Each structure stands twice: as structure tokens, then as C-alpha cells.
Amino acid sequence: MNTNHQILQATCTDPEVCTICGSVYGPALGHDIEEWETIQESTCTTIGKERGICTRCGETVEQDLPLKAHTPGDWEITREATLERDGLRQQRCTVCGKLLKEEKIILTAEEKMALYKKQCVKVSYKDLARDPDAYKDQLIYVTGEVIQVVEASSSAYYCIYRVDITRGSYGIYTDTVYIYYDGYGKTPRILEDDIVTFYGRYDGLTSYTTVMGATVTLPCIYAEYIEIVR
Ligand SMILES: [Zn+2]
Ligand SMILES: [Zn+2]
Ligand SMILES: [Zn+2]
């Protein structure tokens, strides 16, 4: 037993030590605060502060409050999805505006079809035949009576339909167009005499030679979607 030690009890800020040799026997106690009072609330970007009085030493102590979580706002579309590319949407904090989340808007097959159809304009046979360059590569739709069906023999080929698209009196259709459709194996099948709406891209005029040796020139459409009217 060493009688040369003189122990000084720990306080809030000083450890338990020997005043003679300086040996440390225990850690400082730390302040003992029972009640904290908020001086400044935290936000999602600034640190707040709180204050308390130590019940042991009477010292006034301040400490930081943790940052608050951001407040997610509604999703906002920053780029509409198109047929060619995905859209983009963002969610920001309503308080500080920080970008919290960003995700792609990927159209479902149904949404893509609806958007595609919406972009198609109705064009008459006369317009297609008279001024093919004005409509070439545009998205169009035509409704008419299917007069000939050539179904694809494999997925490497298009189905081909000849369709009369001008509806005259008594519901008789005339004016034939050529329609290509990537429809191998798809149902419902298109049959002759069906009334069908074709949505697709106008490819201009196409010519072919009949068995009789005559040259026939027809407007040609690459259909993307098909709707059987009856
Ligand atoms: Zn000592
Ligand atoms: Zn204290
Ligand atoms: Zn925020």
C-alpha cells in the first residue's frame, strides 16, 4: 500500500487522479443534464442546437441536434417518355429542393401503343397517292376493307395485305393500298373482307408488275398496330 497517493475525485470534466503522482484512476464523469432546451431546431440542411444545465456542476452546456430528414415531394416528370426514348422523373425535397430520387419512365407495351396511335394522323388515299413525298415516313392510320391476305411463312417475313381504304356510298370500299405487317403467328388473324384500321409509317409508293405485265403503283404502309373493326 502506497500512502503517497492523494486521490482527487472525478468531476464532470476532469478524471479521477492522484494529485501527487498524477496517476489517472477513472474517467471524467461528463455533465449530467436532465432537461435539454432546444435553442434552434434542425432543418434538413442546417444543424440545430440545444442547451442544458448540468445538475452536478451547474455549467450551461450546448450541443448540436441531428439534421432532420428531407421531405420528399411529389414526383415530377422532367422528360416525357417518347416512342424513341425513356422519360425521366425526379423527386425533390419540398424544403430545400435537393434532388432525392431520379428514375426512368419506361412505357409499358400498352402505353407505347396508345402513344403511337395518338401520333398517327388520318390520311386519305388521294393525299397518299397524289403527294407521296409529303407523307413519306409519317405515322398515319387508314381504315379499310381487306381484299387480299398473304400471311408470312416465317418470322423473317412480313404479312402483306391489300386494303381498299376509300369508303364510298353504300359502304363500298375502293382505292387499294399495300400494307406490310410483322404479324407472323400473331392473333387475331386478319382475314379477307375484314374491316381493319392500320396504324403505321407511310413508305411512299411501291410498284409491282401484274401477271398480265402491267405496272401497278400503290401507296405502301408499314403497319405497327392493327385494330379489327369488324
Ligand atoms: Zn499518486
Ligand atoms: Zn457538469
Ligand atoms: Zn431537404
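The values are calculated or read from the model by the stated rules, or taken from the named source; none is laboratory data. Since this is a predicted model, take the numbers as computed values, not measurements. Please note: Cβ atoms are built from the backbone with ideal geometry, for glycine as well, and neighbour counts cover all protein chains shown. The area values use the complete protein model at the heavy-atom level, side chains included, leaving out ligands, DNA and RNA. Shrake-Rupley method; radii C 1.70, N 1.55, O 1.52, S 1.80 Å.
Structure above, values below:
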| read-out | value |
| --- | --- |
| Folded to 0 to 90 degrees: helix 109-119 orientation relative to the chain principal axis, Cα | 60 |
| Among I20, I47, I147: highest mean-square fluctuation, GNM of the chain, C-alpha pairs under 10 Å | I20 |
| 10 Å beta-carbon shell around A28, net charge (K/R +1, D/E -1) | -2 |
| Rg to Rh quotient for the chain, alpha carbon positions, Kirkwood Rh | 1.58 |
| Dipole moment magnitude, nearest 20 debye, the chain about Cα centre, only Lys, Arg, Asp, Glu C-beta charged | 940 |
| Computed label-point distance, nm, for sites T187 and V149 using a 7 Å Cα→Cβ extension | 1.3 |
| Proximal charge balance of E59 [Cβ under 13 Å; K/R count +1, D/E count -1] | -1 |
| Solvent exposure ordering (accessible area, 1.4 Å, most first) of V216, V95, V177 | V95, V216, V177 |
| Inter-centroid distance (Cα atoms) of region 69-101 relative to region 2-59, Å | 47 |
| Whether region 120-230 is rounded, prolate or oblate, judged on the alpha carbon gyration tensor where a/c under 1.5 counts as rounded | rounded |
| Exposure of T176 as accessible area (Å², to 10), given a probe of 1.4 Å and all protein chains | 30 |
| Pairs beyond 30 Å (Cα-Cα), from K112/K186; K101/K186; K118/K186; K117/K186 | K101/K186 |
| Segment K118-L100, length gained on full extension (0.36 nm per residue, minus Cα span) | 3.2 nm |
